[in-house]
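Here's the structure, in C-alpha cells; my notes come after.
The values are calculated or read from the model by the stated rules, or taken from the named source; none is laboratory data. Note that the structure is a prediction, hence the values are computed from the model and not measured. Here Cβ is always computed from backbone atoms with ideal geometry, including for glycine, and neighbour counts include all displayed protein chains.
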Amino acid sequence: MSEILLIPGPVAVSEDVLAAAAAPMQNHRGPRARALYERLYERLREILQTRKRIVLLGSSGTGALEAIVVNLFSPGDKLLSLSVGSFGDRLAAIARAYGAEVESMSEQWGWGNDPQRLRDRLRADSAGVIKGILITHNETSTGVANDLEALMKAKGDHPALTVVDSVSGAGAVELRTDDWGIDALATASQKALAAPPGAAIVALSDRAWEAAEQAKMPRFYLDLLKARKAAEEGATPWTPPVPILTALERASDNYLKEGREAAHARHARYASAVRAGCMAAGLSLFAQPRWYSQTVTAVRVPAGVEAKALLSRLRERYGVVVGGGQQQVEGKIFRIGNMGALAERDLIGAMGALELALGDLGVRVALGSASAATARMLAGSDGSVRMATARAAV
C-alpha cells in the first residue's frame, strides 16, 4: 500500500527530486560539483532572504544547530533559551553539553514565547552578560510557531547573538534573515524544502562570523570557518552527501518556480485545512490559536483511546502515517505534518482515514465530517478543490 506521509519530517518528496538523488555519482571536488554548490548557495539565499554566505553541512538540522553553538560561543558564556517544546530543549541541551551557562525562559507547552517577556529580561541585563539568545522559529513537538519578527524586535539593540532554529519553519513561512537581524539561522533539507534528509544549512551574519573567530568551544568537523573557507573555493571541507545536494538543488528549483509567497500560502492553506478537519471530527488542538504552526498540527488524543493504537490503525489499515507526541506529551497528542510533496487530495483522504480509524477505536465521528471540512477549506473560489500537485511515490 502506498502511504500518505504526514509526519513532521522527513517529508514526501516529488519524483523528480528522487530521480535527481539517483543520478550517477560525481567527483565532489570537480567543476560540476563546484557549479552545483554555487547554484545551491544562490537559491538558498533567495529562499532564506539573506545576502550572506550560506554554509552547507552533511548532517541533520541538529548538526547545524550544534555547529552554530560551538562556533559562536565559549564555555561559561551565558545563553538565554526561549524554549517552547522538545526541540527548544534540545538546543539548550547542546549548549549545556559544551559548557555554556543556559538560563531557561521557557513557556508552557502549546504556547509561544512572549516578546514582552524577552524585552523585559534583556532590559534587566544592562551589563550585557547574556551572550546569546536561542529561539525556536517553529516547534514541531507542540505545533507552535513563534512570532519571530516580534521576538527580534523585542531583542532590540541588546548585543547578544540570536540563534534561530528554523529547521521546520524556513520555506514555509515568512523569514527575512537579514532584515530581521538574525545572527545565526539553521535549517535542513527534509522539511518545507521537500528534499531527502542529510543536508543542513547555516546562515551567519557578519557579527556571527566575527564571534566565530574568537569562540573557544571545541569543534572540528563542525568548524564553520573551515566550511566557509572551502565554500569560497567552491568546495566543502569534508566529503558532502552529493546525492542529497543534487536532490536539494532540484527541490529548491521547484520551490522557486512555485514562488516563495505562494509556498507560504500553500503551507498556511494546508495547515488550516488540517485544523478544520480535526475540529470537525470533534478533536481538540493542542496549541493555542495565537501560535498555530503552519507546518505541523498537534492534536489531543481522545479520551479512552491509546495514541499508539490510533497511529498504528491509521498506518496499517489506512496507509496514513502521522507522528506521535514526545516527552511530556507522549501518548497525549499526535502530530500531522503538511510539508512536502502533498496534493490536496492527500489531506482530504487522510482526514477520511482519521474518521474511520477513530470509529474503529470506538470514537463516534460523523463520517465525512472531517474530510468535508478539509475539502471546504481547500476549495477555490469556484468551489473546486485544486489537485495539481502530484504526491510522490514513496
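Laid out as a table, the results:
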quantity	calculated
Subset of the stretch 179-224 that is surrounded by fewer than 24 Cβ atoms within 10 Å (Cβ to Cβ) and of a type in the set (Ser, Thr, Tyr) - its residue that is farthest from residue 95 (Cα to Cα)	205
Residue 220, sole failed condition from (1) in the same structural domain as residue 57 (by TED's automatic domain parsing); (2) under 30 Å from residue 366 (Cβ atoms)	(2)
Any pair with Cβ under 7 angstrom, 6 or more apart, that starts in the stretch 103-132 at a residue that is on the phi < 0 side of the Ramachandran plot and assigned to a strand (DSSP E or B) and ends at one that is surrounded by fewer than 19 Cβ atoms within 10 Å (Cβ to Cβ) and modelled with pLDDT under 95	none
In the stretch 196-214, the residues that are out of contact with any Lys or Arg (no Cβ under 8 Å at 6 or more places or on another chain) and assigned to a loop (DSSP other than H, G, I, E, B)	196, 197, 198, 199
Count - residues of the stretch 12-33 that are surrounded by 17 or more Cβ atoms within 10 Å (Cβ to Cβ) and part of a helix (DSSP H, G or I)	5
Check on residue 298, assigned to a strand (DSSP E or B), surrounded by 21 or more Cβ atoms within 10 Å (Cβ to Cβ) and in the same structural domain as residue 355 (by TED's automatic domain parsing)	yes
Residues that are at pLDDT below 95 and among the hydroxyl-bearing types (Ser, Thr, Tyr), drawn from the stretch 346-394	381, 384, 389
Filter result for residue 53 (more than 22 Å from residue 132 (Cα to Cα) and modelled with pLDDT under 95)	no
Enumeration of residues in the stretch 335-370 that are among the charged types (D, E, K, R) and assigned to a loop (DSSP other than H, G, I, E, B)	364
Residue check for residue 164: closer than 23 Å to residue 263 by Cβ and either polar (S, T, N, Q) or at pLDDT 95 or above (or both)	yes
